[in-house]
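Let me begin by presenting the structure, written as structure tokens, before commenting on it.
The values are calculated or read from the model by the stated rules, or taken from the named source; none is laboratory data. Since we're looking at a predicted model, the values are computed, not measured. Cβ: placed from backbone, ideal geometry, glycine included. Neighbour counts: every protein chain shown.
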Amino acid sequence: MAKKIRVLVAKPGLDGHDRGAKVVANALRDAGMEVIYTGLHQTPEMIAEAAVQEDVDVVGLSILSGAHLTMFPRIIELLKKQEAEHIKVFGGGIIPAEDVEKLESMGVAKVFGPGTDTRDIIKYLKQEFE
Amino acid sequence: MKEEKDRQYSKAKEKFLETFEGCSAQDIDFTTVSAEPVEPLYTPDDAEDLDYTRDLGFPGQYPFTRGVYPTMYRGRFWTMRQFSGFGTPRDTNERYHFLLDHGQTGLSVAFDMPTIMGYDSDHLRSLGEVGKCGVAIDSLRDMEILFDGIDLSKITTSMTINAPASILLAFYLCTGDKKGIGFDEMGGTIQNDILKEYIAQKSWIFPPEPSMRIITDILAFCSDHVPKWNTISISGYHIREAGSTAVQELAFTLADGFAYVEAGIAAGLDVDSFAPRLSHFFNAHLDFFEEIAKYRAARRIWAKRMKHKYGAKDPRSLLLRFHTQTAGCTLTAQQPENNIVRTAFQALSAVLGGTQSLHTNSMDETLALPSEKAVRIALRTQQLIAEETGVINTIDPLAGSYFIEAKTREMEEKAEDYFRRIDELGGVVKAIEKGFFQKEIGRAAYEYQKAVEKRRKTIVGVNKFQLEKEEIEIPLLKIDEQVEIDQRNAVRNVREERDNDKVSRELERLKVAAAGNDNLMPLILECARCYCTEGEIIGVLKEIFGEYEEPPFF
């Protein structure tokens, strides 16, 4: 049996739009993954810390406030600092296409836009981390 | 004669049912977007015990099912109020002038996340968020710029602000005051609905108890000094956006509203001193008739409870006046132009449901903040409904429809069921602490997502009628990184230029009052007047009130 993928679903920044994060968390759990949800209003430091503490394979960030270009790279940088760059970061939210390219060049593993089927996220995670 | 007619009716209905059963139906899920079953046909049997005077009444008459005003849109159209704000106060001021020049009739301020959460633009937690999803307002200085060249005695302004509502209201009032406009001449709305923050929107600062105290302070202050201000906009919009069903939106919103009424009464206020200034804010979602029934049921429930349970005597206390916004969560990033059409249907349901004010979303909002062209089309959508379609000619045109009346009653009954469950949990605040609303909404959101993925529910362009390769061809509004730098500098300048001794004294006075029982509004106004920043005022209140934390669950 394949090992269970451990995912930290995290909400960085100040916005409270947690519908997407919770829907994805539910879907990943129903797909057999171990899911930890940080709750709202997390700083990059809190998220990186939780990712290391919980020894997850991957962090999923949900961000709808427009602060993605600040939050994603900051979390990646903090993971690196804690020698945890093996923990990959993916995410989703209100993110324009050109910013998706920027984020990917900054080391974000994958960005899922609005309207994504949760099965695509599951498929992606299983391919990469199982 | 009547017997003969009844016999004919029964026979015809029987025949219809037989034929209907004999035909094969399409393989479609015939439920509403909220997964509520709908009959293929409604008949007089479904409205049999409808009592016109008791259940509907005339427009402007109890129980106000048909509308809160006797003239409705013949008197005046709804207020076309596009929610807008981004970047610096100067950027947004320019957008306001653009909207007013294009025939918008009221303003509606979107604040950025740091403002909503009570942080100044130069706070560490504001990093990357300044001016992004709304305008950054740190002090009275920013508010003065925001309304530069706009006469606050002529326009009404709605401000979507909750936990720090008292402070932003104070900034606004001081802005007008400095131009010689009296508090009693200014009209507008603060959202100030903290309960739905804990339930759905999740932008809280203080725990529920002190938050409710601030709200009752605002109610008391405004009924004495700012009589044209709508003190709470009791909001279902965010509950629905977070994934609730239509019935949940209706029930949870009204439950919140009644909780404010009870808090006001418990604080010693006469219900009629503040209830006329409570307004509501609903979502206009996809399911056309379900939405219309929702608005009609809301008016009836509110009027009945205000009259019978809370003993309101002033007829204005019984009126559920509401703003509507089309459903942002139904917009798709795929084929974004389709959003224009979605929004038009949603807006039409709000108008047929008797809204007092309306925001229509722009087609590009799943991608970024709306561009000028997208906003103009959204505003034009409302103008088209008002000026071209003819739906404004007659009041509550769907009344008496077997379907609409049955659905209106069904929604009222289901809302009453929820009220009972909330009472059993010990009221709204207790239910929040137990995560009741949050879990109900989370479950509904996940069920809907699964229905979409199994294609039981269709989203055009997403799970049906997709395009192979899609180029997004609409220009997006970008917020320059310079905005954050400029705004950080601006707030630092304010701190240098003001009378800092006075600032310290006023903040100290506010702190003392917060620890006691005095109404906080006059003190917050004094803080605002001497250019205390929002973050400073919130900081003082946090010392006394503490901060709320939600246990994370999903």
**Message:** With aliphatic (A, V, I, L, M), closer than 30 Å to residue B:443 by Cβ and modelled with pLDDT of 95 or more as the only criterion, which of B:169, B:195 stands out?
**Reply:** B:195
**Tabulated pairs, the stretch A:103-114, first away from every other protein chain (no Cβ under 14 Å), second basic (Lys, Arg), C-beta under 6 angstrom, 6+ apart or interchain** = A:109/A:88
**Asked** In this structure, does residue B:361 turn out to be surrounded by fewer than 24 Cβ atoms within 10 Å (Cβ to Cβ), at pLDDT 95 or above, polar (S, T, N, Q) and out of contact with any Lys or Arg (no Cβ under 8 Å at 6 or more places or on another chain)?
**Response** no
**Prompt:** Can you spot a residue in the stretch A:61-74 that is in a strand (DSSP E or B), closer than 19 Å to residue B:132 by Cβ, touching a strand residue (DSSP E or B) at 6+ places or on another chain (Cβ under 6 Å) and not hydroxyl-bearing (Ser, Thr, Tyr)?
**Reply:** yes
**Request:** For the stretch B:351-359, state whether one or more residues are more than 14 Å from every other protein chain (Cβ to nearest Cβ), in contact with a strand residue (DSSP E or B) (Cβ under 6 Å, 6 or more places away or on another chain) and without any contact (Cβ under 8 Å) to a residue 40 or more places away in the chain.
**Result:** no
**Any hit, the stretch B:169-187, residues being among the basic types (Lys, Arg) and either under 29 Å from residue A:17 (Cβ atoms) or free of Cβ contacts under 8 Å to residues at least 24 places away in the same chain (or both)** = no
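Rundown of residues vs (1) surrounded by fewer than 23 Cβ atoms within 10 Å (Cβ to Cβ); (2) assigned to a loop (DSSP other than H, G, I, E, B); (3) modelled with pLDDT of 95 or more; (4) out of contact with any strand residue (DSSP E or B) (no Cβ under 8 Å at 6 or more places or on another chain), yes/no style:
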site	(1), (2), (3), (4)
B:279	yes, no, yes, no
B:292	no, no, yes, yes
B:313	yes, yes, yes, yes
B:325	no, no, yes, no
**Item:** Scan of the stretch A:22-35 for residues that are free of Cβ contacts under 8 Å to residues at least 60 places away in the same chain, outside any strand (DSSP E or B) and within 12 Å of chain B (Cβ to nearest Cβ), ordered by number
**Value:** A:22, A:25, A:26, A:29, A:30
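Among the residues of the stretch A:1-21, which ones are hydrophobic (A, V, I, L, M, F, W, C) and free of Cβ contacts under 8 Å to residues at least 40 places away in the same chain?
A:1
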**Prompt:** Residues in the stretch B:343-387 that are assigned to a helix (DSSP H, G or I), closer than 21 Å to residue B:398 by Cα and within 19 Å of the chain's Cα centre (by Cα): how many?
**Reply:** 11
**Request:** Within the stretch A:36-71, count every residue that is facing chain B (nearest Cβ under 10 Å) and either within 22 Å of residue A:126 (Cα to Cα) or basic (Lys, Arg) (or both).
**Result:** 3
**Asked** Tally time: how many residues in the stretch B:462-483 are more than 9 Å from chain A (Cβ to nearest Cβ) and buried (at least 18 other Cβ atoms within 10 Å of the Cβ)?
**Response** 2
**Asked** Just one of the numbered conditions (1) within 24 Å of residue B:215 (Cβ to Cβ); (2) touching a strand residue (DSSP E or B) at 6+ places or on another chain (Cβ under 6 Å) is not true of residue B:250; which one?
**Response** (2)
**Message:** I need the full set of residues from the stretch A:77-88 which are within 14 Å of another protein chain (Cβ to nearest Cβ) and closer than 12 Å to residue A:59 by Cβ, in order please.
**Reply:** A:78
**Item:** Hey, residue A:91 under 19 Å from residue A:125 (Cα atoms), surrounded by fewer than 16 Cβ atoms within 10 Å (Cβ to Cβ) and away from every other protein chain (no Cβ under 13 Å) or not
**Value:** no
**the stretch B:64-86, residues that are over 16 Å from residue B:324 (Cβ atoms), buried (at least 19 other Cβ atoms within 10 Å of the Cβ) and at pLDDT 95 or above** = B:64, B:65, B:66
**Request:** Can you confirm whether the stretch B:546-554 contains a residue that is aromatic (Phe, Trp, Tyr), in a loop (DSSP other than H, G, I, E, B), closer than 30 Å to residue B:192 by Cβ and touching a strand residue (DSSP E or B) at 6+ places or on another chain (Cβ under 7 Å)?
**Result:** yes
**Fill in**
Filter the stretch B:527-554 for residues that are touching a residue at least 40 places away in the same chain (Cβ under 8 Å) and among the acidic types (Asp, Glu); the one that is surrounded by the most Cβ atoms within 10 Å (Cβ to Cβ) is B:534
**Message:** Only one of B:500, B:489, B:519, B:493 is more than 10 Å from every other protein chain (Cβ to nearest Cβ), among the polar types (S, T, N, Q) and within 27 Å of the chain's Cα centre (by Cα). Can you tell me which?
**Reply:** B:519
**Hits in the stretch A:104-130 - residues which are surrounded by 16 or more Cβ atoms within 10 Å (Cβ to Cβ) and assigned to a helix (DSSP H, G or I)** = A:118, A:121, A:122, A:124, A:125, A:129
**Message:** I need the full set of residues from the stretch A:8-21 which are more than 12 Å from the chain's Cα centre (by Cα), part of a helix (DSSP H, G or I) and either over 23 Å from residue B:163 (Cα atoms) or more than 7 Å from chain B (Cβ to nearest Cβ) (or both), in order please.
**Reply:** none
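Within the stretch A:4-34, count every residue that is among the small types (Gly, Ala, Ser) and touching a Ser or Thr at 6+ places or on another chain (Cβ under 6 Å).
First, pick out the residues of the stretch A:4-34 that are among the small types (Gly, Ala, Ser): A:10, A:13, A:16, A:20-21, A:25, A:27, A:31-32.
Okay, now just the ones that are also touching a Ser or Thr at 6+ places or on another chain (Cβ under 6 Å), so A:10, A:13, A:16, A:20-21, A:27.
Residues that pass the stated criteria total 6.
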**Pairs with Cβ under 6 Å, 6+ apart, first in the stretch A:90-102 and β-branched (Val, Ile, Thr) and at pLDDT below 95, second assigned to a helix (DSSP H, G or I) and crowded, with 21+ Cβ neighbours inside 10 Å** = A:95/A:68
**Request:** Go through (1) on the phi < 0 side of the Ramachandran plot; (2) part of a loop (DSSP other than H, G, I, E, B); (3) surrounded by 24 or more Cβ atoms within 10 Å (Cβ to Cβ) and name the single condition residue B:205 misses.
**Result:** (3)
